[in-house]
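Notes for the one structure printed next.
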Amino acid sequence: MTGQDAIGEEQEALDAAHVRRLEIQAELEQRLRGSAEEDSVVAAAMRSTQTRLHELTQAEQGLVFGRLDSRDGDVLRVGRVGVPSADDDADPLVVDWRAEASRPFYTATAVAPQGQSRRRHIRSEGSTVVGVDDELLDGSTDGDLVGEGALLAALDERRTGRMGTAVATLQREQDDIVRADARGALVVQGGPGTGKTVVALHRVAYLLFAHPQLARAGVLVLGPSQRFLDYIGQVLPALGETAVVAATCESLVPGVRPERRESRTLAEIKGRALWQRALADHVAGLVPPPSDLMLHWDGEDHVVPAETIERLQRGALSGRSYHHARRVLTAQLVDVLTELVADRAVELLASAEEGFEEILDRVDKSLAGQDDRGARTQSSSGSVDGELSEDEVEELRQRIEADPGIAARLALRWPDRDPADELRRLLADRAALAGVPGLTDVERDLVAAEPTPFAPSDIALLDALADLLGEAEQRERQGEFTADRAAAQRDWVYGHVVVDEAQELSAMEWQMVARRCPAYSITAVGDIDQTEAPHAHMTWEGAVGEVLTDRWRRADLTICYRTPREVMELTGPVLEAAGSTNEPPRAVRSSGVEPWLRSVPADDLAATVATEHAALLERWAGGSVGVVAPVERVADLAAALGPDAIVMSATQAKGLEWDAALVVDPDGIVAEPRGWNGLYVALTRCTQELGRVEIA
Ligand SMILES: Nc1ncnc2c1ncn2[C@@H]1O[C@H](COP(=O)(O)OP(=O)(O)OP(=O)(O)O)[C@@H](O)[C@H]1O
């Protein structure tokens with residue numbers, strides 16, 4: 001069959017899939033119009049219909065991108081979404097890339113063909129097939145890459161500043177991670193450009209497909225910065241996914257944002273795991289010590305003895321947050337007071353009755369003296385026993401509960417606490433900080449010197465404190481997922497959490513992650529060698545071990561898809577200087593452009609950068625050029641290069657990529673904290689050309 005015949009054949013199949021897709025869309029729209037959200041079952045069905053409709057609508061581009069021919073002659077077409085045939089008994093026109101049946105498309109090799117004889121990559125523009133790329137799985141060729149032609153074509157495309165999907169060209173080691181078991185935490189180590197972000201995002205799409213119940217709780221995607229989240233922002237919608245909240249660690253606590261930057265030293269101190277224990281101790285110290293409690297009701301004083309309070313408080317606190325325990329104890333104290341008041345009523349009546357008895361006795365006696373009528377009967381005394389009926393007790397309890405005086409008295413004893421106020425108070429209180437074990441006096445002074453306003457590392461402390469304190473008011477358990485609802489609720493529990501650039505998280509930020517998914521269904525991707533955060537870890541054991549303990553497993557990505565071989569060759573000594581213990585990734589492609597270096601006097605730096613930047617923009621017209629410089633040079637360079645230029649520090653460049661990268665003053669980058677790691681990031685941002693301008 002000629003290439004043209006193959007294109008014609010695939011065009012026919014694609015046309016049929018599109019026709020059927022539109023038919024299904026029309027059916028779904030009809031169904032949505034016809035049903036009202038009457039009850040939860042109907043509402044749930046509608047939501048799933050909407051999701052399906054959304055997926056189909058998004059799938060216009062790349063509806064079919066692959067085909068597998070089995071040795072038995074069966075043909076299976078793989079695409080962004082499944083498209084069933086109109087005939088129930090017929091094979092589907094397209095199988096969803098996430099379905100188990102599609103797996104050999106990503107994993108079959110000539111050595112292990114899994115019953116397949118050929119894999120075909122189908123390239124289309126809009127709804128027109130423009131090319132096919134066949135790979136025979138009969139042992140005639142074997143390489144590391146699946147669908148090499150299609151992959152290299154994808155990698156060579158111009159970078160637009162937005163990440164694209166890689167469903168058509170996911171590689172075996174990537175696919176293994178995408179489809180890995182959702183249970184437990186998975187930490188993926190991969191060098192620059194190994195597709196960690198790609199894998200993490202496709203994993204979200206896969207998990208939501210394979211475990212639809214996850215959509216009820218949603219997935220949280222944590223990235224290092226808003227700029228990064230904007231960069232990847234198109235991928236999940238393009239994969240049809242909407243059950244996702246994207247955030248940074250700084251934006252995880254609703255309504256609170258850092259209001260200032262902070263020193264690395266302080267960020268490191270406040271990121272340490274020891275704060276979790278210290279905050280728990282602090283909150284435990286806020287609980288009032290048991291003592292006799294005097295409560296006033298209806299003109300009477302009632303005392304709840306310290307021992308009773310101690311017993312109830314211990315029970316209320318077990319496994320509960322400060323506020324939850326407070327609510328439980330308050331309810332119990334209302335019960336206790338109700339009992340005391342009810343008992344007092346019985347006592348009063350009893351004593352009143354005693355007085356009454358005496359009178360009656362005297363009357364009896366005097367009467368007995370006058371005639372022989374017998375003493376009064378027992379029944380006449382028993383008719384008034386003072387016991388309240390159940391309804392009366394309940395009514396009394398409600399009155400006590402609603403009484404503002406009692407509520408104020410209980411609130412005075414065990415007050416509500418606002419987490420932000422409490423954190424400010426603690427951080428400013430040198431004496432209270434003395435109770436934080438593991439800090440030196442100098443470190444305590446540093447913390448106490450800058451208690452407010454909140455800096456980035458305070459967000460994780462605030463989150464921990466808010467969690468320990470719990471909600472002051474009882475709330476409904478979380479309902480059905482909507483991104484707005486989940487994002488607005490600090491203690492929303494997600495079905496899965498994905499962390500990108502995971503090497504940057506402090507131990508306290510890992511606590512934030514763990515809190516949002518106590519089942520530890522977590523995928524964390526990162527490169528420990530690109531770490532720039534102030535924590536001192538150079539291994540994953542160190543970075544995540546304190547929080548995830550032994551409840552995580554590791555996977556590795558070893559092939560670099562972004563950075564060309566010519567550039568990767570420069571990184572060996574940089575990695576070594578950074579103290580890396582990891583194997584550098586292997587670049588799959590060469591761009592044919594040798595990296596270059598200009599050495600200029602300091603005074604000529606800005607002018608040289610401007611000239612080289614303009615030249616790169618011209619060479620990579622239609623694509624993108626990024627400039628990475630030491631922090632203190634960024635503002636001046638940005639001003640010199642104009643508003644459209646992309647100029648940033650190594651930290652800001654993390655996770656991003658451009659066709660060409662211009663690294664300015666590499667020695668200046670090295671001189672920054674964790675500078676070798678920073679230079680490693682800067683050097684690995686380009687897909688085609690790397691230029692460096694250093695000071696001679
Ligand atoms: N299987 C693939 N098919 C097509 N493109 C891919 C594939 N894997 C990775 N890429 C591309 O390679 C580039 C690097 O991927 P990605 O940004 O996910 O790497 P990374 O490991 O997160 O890098 P960094 O460590 O720099 O953040 C991106 O342009 C991505 O689209």
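On the given criteria, is Arg179 of a type outside the set (A, V, I, L, M), surrounded by fewer than 21 Cβ atoms within 10 Å (Cβ to Cβ) and more than 20 Å from Thr482 (Cα to Cα)? So Arg179 fits the description; yes.
Residue-wise test of (1) away from the ligand (no atom under 16 Å from the Cβ); (2) not hydroxyl-bearing (Ser, Thr, Tyr).
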| position | (1), (2) |
| --- | --- |
| Arg515 | yes, yes |
| Tyr520 | yes, no |
| Ala524 | no, yes |
| Gln530 | no, yes |
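Would you check if Val436 is closer than 19 Å to Val287 by Cα and either touching a residue at least 60 places away in the same chain (Cβ under 8 Å) or loosely packed, with under 14 Cβ neighbours inside 10 Å (or both)? Against the criterion (closer than 19 Å to Val287 by Cα and either touching a residue at least 60 places away in the same chain (Cβ under 8 Å) or loosely packed, with under 14 Cβ neighbours inside 10 Å (or both)), Val436 qualifies.
Looking across His323, His302, His296, one residue alone is touching a helix residue (DSSP H, G or I) at 6+ places or on another chain (Cβ under 9 Å), of a type outside the set (Val, Ile, Thr), part of a helix (DSSP H, G or I) and closer than 20 Å to Leu412 by Cβ. It is His323.
Each residue in the stretch 643-680 was checked for being crowded, with 24+ Cβ neighbours inside 10 Å, away from the ligand (no atom under 12 Å from the Cβ) and modelled with pLDDT of 95 or more, and 7 pass.
A quick yes/no check of all residues on (1) part of a helix (DSSP H, G or I); (2) more than 29 Å from Glu504 (Cα to Cα); (3) among the aromatic types (Phe, Trp, Tyr):
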residue	(1), (2), (3)
Ser599	no, yes, no
Leu617	yes, yes, no
Glu632	yes, no, no
Leu637	yes, no, no
Asp667	yes, no, no
Pro673	no, no, no
Gly678	yes, no, no
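A single entry from Glu250, Glu268, Glu259 fulfils the requirement of being in contact with a His (Cβ under 7 Å, 6 or more places away or on another chain) and at pLDDT 90 or above: Glu268. The helices (runs of 4 or more DSSP H) found entirely in the stretch 535-587 that carry 1 or more residues being over 19 Å from Ala502 (Cα atoms) are 565-568, 571-578.
This table checks each residue for (1) buried (at least 18 other Cβ atoms within 10 Å of the Cβ); (2) in contact with a Ser or Thr (Cβ under 9 Å, 6 or more places away or on another chain); (3) free of Cβ contacts under 8 Å to residues at least 12 places away in the same chain; (4) not in a helix (DSSP H, G or I).
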site: Ser48; (1), (2), (3), (4): no, no, no, no
site: Gln61; (1), (2), (3), (4): no, yes, no, yes
site: Ala86; (1), (2), (3), (4): no, no, no, yes
site: Ala90; (1), (2), (3), (4): no, no, yes, yes
site: Arg98; (1), (2), (3), (4): yes, no, no, yes
site: Ala112; (1), (2), (3), (4): no, no, yes, yes
site: Ile122; (1), (2), (3), (4): yes, no, no, yes
site: Val129; (1), (2), (3), (4): yes, no, no, yes
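The numbered conditions (1) over 23 Å from Trp540 (Cα atoms); (2) in the same structural domain as Asp500 (by TED's automatic domain parsing) are all true for Val221 except (1).
The values are calculated or read from the model by the stated rules, or taken from the named source; none is laboratory data. Every value quoted in this text rests on a predicted model; they were computed, and no experiment measured them. Heads up, the Cβs are rebuilt from the backbone with ideal geometry, glycines too, and the neighbour counts pull from every protein chain shown.
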